[in-house]
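Inspection log for the structure reproduced underneath, given as structure tokens.
The values are calculated or read from the model by the stated rules, or taken from the named source; none is laboratory data. All values derive from a computational prediction rather than experimental measurement. Cβ: placed from backbone, ideal geometry, glycine included. Neighbour counts: every protein chain shown. Accessible surface is based on the protein model in full, side chains and every heavy atom, while ligands, DNA and RNA are left aside. Shrake-Rupley method; radii C 1.70, N 1.55, O 1.52, S 1.80 Å.
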Amino acid sequence: MTTFEELGISKEIVLGLVDLGFEVPMPVQEKVIPLLLGQKTDIVALAQTGTGKTAAYGLPLIQQTDTDNHLPQALILCPTRELCVQIAGDLNDFAKYVDNLKVLPVYGGSSMEVQIKSLKKGVQIVVATPGRLLDLMRRRAIKLGSVHTVVLDEADEMLNMGFLDSINDILAEVPEDRSTLLFSATMPNEVAVIAKKYMKKPIEITIGNKNSGAENIKHLYYTVHAKDKYTALKRIVDFYPSIYGIVFCRTRIDTQEIADKLIADGYNAEALHGDLSQSQRDSVMQKFRIRHVQLLVATDVAARGLDVNDLTHIINYALPDDISAYTHRSGRTGRAGKTGTSIAIINLKEKHLIRQIEKLINKPFIAAKVPGGREICEKQLFNLINKMENVEIEHSEIDPFLPSIYRKLEWLEKEDVIKRFVALEFNRFLEYYRNAKDINVHEEKGHESREKSGRDSFRDKGGRGDARKEVTGFTRLSINAGKADGLYPNTLIELINASSPGKRIRIGDITLSKHDGFFEVDNEYAKFLSEALNDAEFRGSNLAVELAAGQAPASFNERRSFKDKGKPGGDRDFRKGSDYKGKKSPGDDQGFAGRADRFNPKKKKKK
Ligand code: AMP
């Protein structure tokens, strides 16, 4: 495995990386660092947010800075204030043990005088938003004559935000023999034009597919009537009790409205949009970063540059007007090698947009069903039990009360205590969802009948239909292996056959990605198969097969109906005062996404 030292990174920078916990370079770093440390070169890198691109260009820039020269030598242009602050912060972290290196973020909305003072004191790396940099140039407060490298970070986003003219004006003032590095999540024509105009034989680097989303992000969509979108949002959020994510809305007004509704309904949410003052925005972002806020309801612009790595979900409450922005949104989850889920809540009319996005990200969406009351209640119940199992007990505080509590409960059996404890906390949820209706919009009739006949095939025919349709009678299972692991539809069918001798199990859609996938089987055999295949050995590794998100477990009917339990009561304020502070209990279930990393080709077989 390559190390940063092997890529040519100096000792003092590596020390900073060790403090940050960077053990090995990420792919974009492995590719870009040696190029930049070698001879002068221009680079066009197609890399999603979260791939580690800041260090990819930042480490060589730091290393090549002459700290005896107090003039700017590297200029990084980026679209937003937040990203600007974040990049400068990252560079400072990388350069923690490099003496006398000054990095300055310059952006609009903050004091120009302070920035001018800092520039006068000497700065070698300037991270700037184009507008403010131009202001400083016009005031002759910044000298760009020593700049040897210009980085255009999130170039596509800068162009989306109308910075083309500013970029042209800035580049005209930077020495022509500079290196120009362009990083972009997508490569629309406008970006290609910039690359052609300003770059000399750039080396093109692609991390992942061109214009594609990260591999470790699942893309789901839920189809509901427009009027049910908010209800769907709440159900999805309730189905993922440990969700920590961003809900994207189209306008500032929508953003505020959805956030207000969520807050009024007891969710731990906040709005982030351009109508808030800078200090309000800072405060919301800080609360979100430290996980005091679980759901950030935001516009695209406001959420840019928010550096949070562990987001479990992105929810597109409204798809972006410009669908290329979808990649930016979804790229906010599944970062730094983690898994994530990007969800679109759409109505039937928006379905064609899903197809367009699929082409853009080169990955299929999975049609998911908005979970019903039973599934949500079950998920919440087990989340509660997990929390109970993992709660930290403050013995010194609680011990004095225990003897009298034990005495008071002496008349109850252990099972009764558990039942009462569960009912106490759970009844409110139960009540809320007791009459929850199915809000899924199903395919139009014609489709359904085509679909059904397509699905009548038994496994030996290997029949597969359109992955997006939902047909009754099938349960969707997730599997932690995909084509890159040697699992193809025919192999999966063979596995199912082998694990169910003598049974005729119908198989529906099979969708396999690189390292995971989904398949549908007869409802009645779903539980049997998930158990039969779970932990089964496949090519030296153990499979993990389980009911996919939004599926009623086949075992559900075997359980006692929730209706039988306890008395309904209380309002639905279970989240208020909840102990959700970002402490992730080990058993927390983030839905199927949390399991995807279980397939490890190096994992030893079970004996
Ligand atoms: P970026 O794409 O630059 O925003 O980076 C995404 C996230 O990955 C940031 O939070 C970085 O701190 C983190 N990161 C970058 N490089 C590494 C690395 N080599 N090892 C671990 N984390 C990294």
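Excluding ligands and nucleic acids, what accessible area in Å² is computed for Asp275 using a 1.4 Å probe, to the nearest 10?
We get 100 Å² for Asp275.
Under a plain spin-label model, where a point goes 7 Å from the Cα along Cα-to-Cβ, how far apart in nm are Lys261 and Leu348?
Label at Lys261, label at Leu348, 2.1 nm between them.
For a test of the definition: using alpha carbon positions, the gyration tensor, and the 1.5 limit on a/c, classify segment 1-136 as rounded, prolate or oblate. Let's see the in-between values first.
Working: a/c = 1.87, a/b = 1.54, b/c = 1.22.
Taking the square roots of the gyration eigenvalues as a ≥ b ≥ c, segment 1-136 is prolate.
Can you flag which of Lys369/Lys527; Lys40/Lys197; Lys53/Lys117; Lys102/Lys201 are past 21 Å Cα-Cα? Mind showing how you got there, number by number?
Working: Lys369/Lys527 18 Å; Lys40/Lys197 18 Å; Lys53/Lys117 30 Å; Lys102/Lys201 31 Å.
Exceeds cut-off: Lys53/Lys117; Lys102/Lys201.
Taking only protein heavy atoms into account and a 1.4 Å probe, give the accessible area per residue of segment 4-206 in Å². If you can, show how the numbers build up before the last one.
On the way: 8720 Å² over 203 residues.
Spelled out: the 1.4 Å probe surface of segment 4-206, per residue, equals 43 Å².
With a 1.4 Å probe and all protein chains left in place, how much accessible area per residue does segment 217-368 have, in Å²? Write out the running numbers ahead of the final one.
Numbers: 4940 Å² over 152 residues.
Accessible area per residue, segment 217-368: 33 Å².
With the Cα gyration tensor of segment 66-154 giving a ≥ b ≥ c as the square roots of its eigenvalues, does the rule (a/c under 1.5 for rounded; else a/b larger than b/c for prolate; else oblate) give rounded, prolate or oblate?
Values: a/c = 1.45, a/b = 1.14, b/c = 1.27.
Because its axes are fairly even, with a/c under 1.5, segment 66-154 counts as rounded.
Which stretch or stretches of segment 356-374 have amide N atoms under 15 Å from the point lying 7 Å from Ile323's Cα along the Cα→Cβ direction?
Output list for this probe position: 356-366.
Give, in nm to one decimal, the length gained when the segment between Ile418 and Ile398 is fully stretched (0.36 nm per residue of separation minus the Cα-Cα distance).
Between Ile418 and Ile398, full extension yields 5.3 nm more.
So how do 495-503, 131-139 stack up, highest first, on mean other-Cβ count within 10 Å?
Details: 495-503: 14.1, 131-139: 16.7.
Result, highest mean Cβ count within 10 Å first: 131-139, 495-503.
For the full complex of protein chains and a 1.4 angstrom probe, list Thr255, Thr2 by accessible area with the highest value first. Show your work: numbers first, answer last.
Working: Thr255 0, Thr2 45 Å².
So the residues, ranked largest to smallest area, are Thr2, Thr255.
Remind me, relative contact order of segment 217-368 in percent, using alpha carbon pairs under 8 angstrom and six or more residues apart?
Values: 265 pairs, mean separation 55.2, N = 152.
Relative contact order for segment 217-368 comes out at 36 percent.
Which of the trypsin sites (Lys or Arg not before Pro) found in segment 166-210 are in a DSSP loop and have at most 15 neighbouring Cβ atoms, other than their own, within 10 Å? Let's see the in-between values first.
Details: sites: Arg178, Lys196, Lys197, Lys200, Lys210; in loops: Arg178, Lys200, Lys210.
Filter output for segment 166-210: Lys200, Lys210.
Can you give me the long-range amide H partners of Asp509? Hydrogens built in the peptide plane at 1.01 Å from N, cutoff under 5 Å, separation of 5 or more residues or another chain.
Gly465, Glu520
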